[in-house]
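Here's the structure we're looking at; comments come further down.
The values are calculated or read from the model by the stated rules, or taken from the named source; none is laboratory data. This structure is a prediction, so every number in the text was calculated from the model and none was measured. Positions of Cβ are backbone-derived with ideal geometry, glycine not excepted, and every protein chain shown enters the neighbour counts. Only protein heavy atoms, including side chains, enter the accessible area calculation; ligands, DNA and RNA are left aside. Shrake-Rupley method; radii C 1.70, N 1.55, O 1.52, S 1.80 Å.
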Amino acid sequence: MKLYFRPFACSLAARIALEEAELDAEFVAVPADGRLPDGRHYSQLSPMGYVPAIETRGGFVLTEGPAVLTYIAELAPEGALSFTGFSDSHYRMLAWLNFISTELHKGVFTPLLGKRAGPEERAAALARVAKPFDVLARQLEGRAFIEDRFTVADAYLLAVLNWCEHSGVALADWPVLLDYRTRLRQRPSVARAMAEEWPLLEAA
């Protein structure tokens, strides 16, 4: 299995999940020009050019962050990254994955970190951060994780919260979220994943 990634992009969540579940994978960095080491262009795997993507030995390719994270969670040992069966917690976890994807990743950080957004679009994105951050702060008050234990939703949220300082989002205005990020960065799987990608980010 191969994970296609860019350093400290949302694909960091998938690396964290693989580390947490102790699943074997080959990590393939996607260069700026999209030309992969095997000669293919990344658009052959991910038509939109987004990371992450998972490619199995059988040739199955899966894109879109929430789908990739759900796939990894289902490969992991039971209960390692998600909740089992048709439980309320399982479906809440799926809801949080989509919440993070739409309300934060696409709704706030894509305009702030992208090069195409103008001043008005960036200002609108900054204005949108308060409501989802308030929702998350209420959910995490007195809790270690989004749900009862660490899941792929936590891996995704951590990856997104890492972007705050680089996008002008004042995470310190939400002390609960700042504390959550600080604690998760100390989790062994998170620390290992970030340590693997940090040199690549500095070299980019």
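Those residues that are of a type in the set (Gly, Ala, Ser) and open to solvent by 60 Å² or more (accessible area, probe 1.4 Å), I need them from the range 124-152; list them, please.
127, 142, listed by residue number.
Counting only residues that are more than 19 Å from residue 66 (Cβ to Cβ) and among the polar types (S, T, N, Q), which one in the range 153-188 is surrounded by the most Cβ atoms within 10 Å (Cβ to Cβ)?
Out of the qualifying residues, it is 167.
Among the residues of the range 192-204 satisfying the criterion of being hydrophobic (A, V, I, L, M, F, W, C) and either open to solvent by 40 Å² or more (accessible area, probe 1.4 Å) or in contact with a Gly (Cβ under 7 Å, 6 or more places away or on another chain) (or both), which is modelled with the highest pLDDT?
Among residues in the range 192-204 that are hydrophobic (A, V, I, L, M, F, W, C) and either open to solvent by 40 Å² or more (accessible area, probe 1.4 Å) or in contact with a Gly (Cβ under 7 Å, 6 or more places away or on another chain) (or both), the one modelled with the highest pLDDT is 195.
If we only count strands (runs of 3 or more DSSP E) wholly inside the range 16-116, which ones have 3 or more residues that are open to solvent by less than 60 Å² (accessible area, probe 1.4 Å), touching a Lys or Arg at 6+ places or on another chain (Cβ under 9 Å) and closer than 25 Å to residue 200 by Cβ?
Once the strands (runs of 3 or more DSSP E) in the range 16-116 are filtered for at least 3 residues that are open to solvent by less than 60 Å² (accessible area, probe 1.4 Å), touching a Lys or Arg at 6+ places or on another chain (Cβ under 9 Å) and closer than 25 Å to residue 200 by Cβ, what remains is 53-55.
Looking at residue 101, is it hydroxyl-bearing (Ser, Thr, Tyr) and farther than 30 Å from residue 139 by Cβ?
no
Have a look at 95, 73 and point out the one that is within 17 Å of residue 147 (Cβ to Cβ) and free of Cβ contacts under 8 Å to residues at least 24 places away in the same chain.
95
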